[in-house]
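The values are calculated or read from the model by the stated rules, or taken from the named source; none is laboratory data. Note that the structure is a prediction, hence the values are computed from the model and not measured. Note that we place each Cβ from the backbone using ideal geometry, even for glycine, and neighbour counts take in every protein chain shown.
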Amino acid sequence: MSKIDFKLSVTGVKIIQFATIFKNLKNITKQIKLVVTEEELNSQGLDDAHCMLYTLNLKKAWFDEYESKNVTISVNCEFLGKIMNCVTPKTKKLIFQKTMKQDYLEISIINEGVETGKKSILNADKDFKLPLIDMELDDLSIPEMDVDDAQMLMRSGDLSVLIQELSAFGEDIVIGVRDDEVILSTDSVECGETTVSINTNLIEGFWKSEGDGEDGDGEEELKFVFSLSRLNKILKFTPLSKSLTITIWKENPMCIRFPLEKCIFSELTYGDDDELTEEETETQMDEFMEKKTNALAFYIAPRMDID
């Protein structure tokens, strides 16, 4: 490793995950900084409006191959996304490498080649040299919140479909969280009012803190307004994981986290035989919520003009 600053490689399903991350981050940020330490890969950044923050953490063990000398580089996110668009189902290995004293990131897409016995130029390998850039970005530390006001664990594909449907009827979404239901609604002059009421029994995992409530009945509704456009950008990352977590705080941005490791919910399909017991659900949810490594997370700020 004498001439290598770092070398990372992935195979199998992690190729799609790795490519999905960088293919879609271009919709959020124009430049990306990669911090490659001896033990993990980290990246974080803001969207142009500074209303959304992403954080990426991938431990050394997540990769098939990982060598690094503690290096930080920055590249153009749009061009990196174009390279990731060249990844196909025929790709067998994806390699990121930085050689010492070189001013570019080397990316290799290793495809099936001649091993399949089928003659196709689409099976050829592809190599790229993406120029490095100078990027000024302070460390965006995220304060630890001791108490969550609400947590949800749900299928990412289901949420993506709902948000896409609601996007046809408005620009913003109101999310209301009660003890027994989650209400998603939009309101516009042209389309009027649209409401989706989700009983919490339909959500794979749900927890909400107890509140005093305005009328003293012990129930307090959490209510926020978010941009549907930003939520749609986040849900472009749905191929990363079949399940995602949502954490809500009254005084802080909402967090949507995609774990990049297998979860029990990833193996389930719809049907009565697939349902977990309440105890199994609670255990899995606790483990899922605590997992902040090997994950891509988004913190999105709510609109402040809600009634």
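Specify the residue that is farthest from Ser241 (Cα to Cα); the eligible residues are those in the stretch 12-42 that are among the hydroxyl-bearing types (Ser, Thr, Tyr) and at pLDDT 95 or above. First the steps, then the outcome.
Applying the first criterion (among the hydroxyl-bearing types (Ser, Thr, Tyr)) to the stretch 12-42 yields 20, 29, 37.
Now restrict to residues that are at pLDDT 95 or above: 20, 37.
Working: Thr20: 11, Thr37: 25 Å.
Among those that are among the hydroxyl-bearing types (Ser, Thr, Tyr) and at pLDDT 95 or above, it is Thr37.
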Evaluation of Leu240 against (1) more than 22 Å from Val174 (Cα to Cα); (2) at pLDDT 80 or above; (3) surrounded by fewer than 16 Cβ atoms within 10 Å (Cβ to Cβ) (one fails), failing number: (3)
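Got at least one residue in the stretch 1-20 being among the hydroxyl-bearing types (Ser, Thr, Tyr) and within 18 Å of Glu136 (Cβ to Cβ)? Talk me through it step by step, then tell me what you get.
Step one: filter the stretch 1-20 for residues among the hydroxyl-bearing types (Ser, Thr, Tyr), giving 2, 9, 11, 20.
Then drop every residue that is not within 18 Å of Glu136 (Cβ to Cβ), which leaves none.
Checked the stretch 1-20: no residue is among the hydroxyl-bearing types (Ser, Thr, Tyr) and within 18 Å of Glu136 (Cβ to Cβ).
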Residues satisfying the stated conditions in the stretch 40-72, i.e. more than 21 Å from the chain's Cα centre (by Cα) and in a strand (DSSP E or B): Glu65, Tyr66, Glu67, Ser68, Val71, Thr72
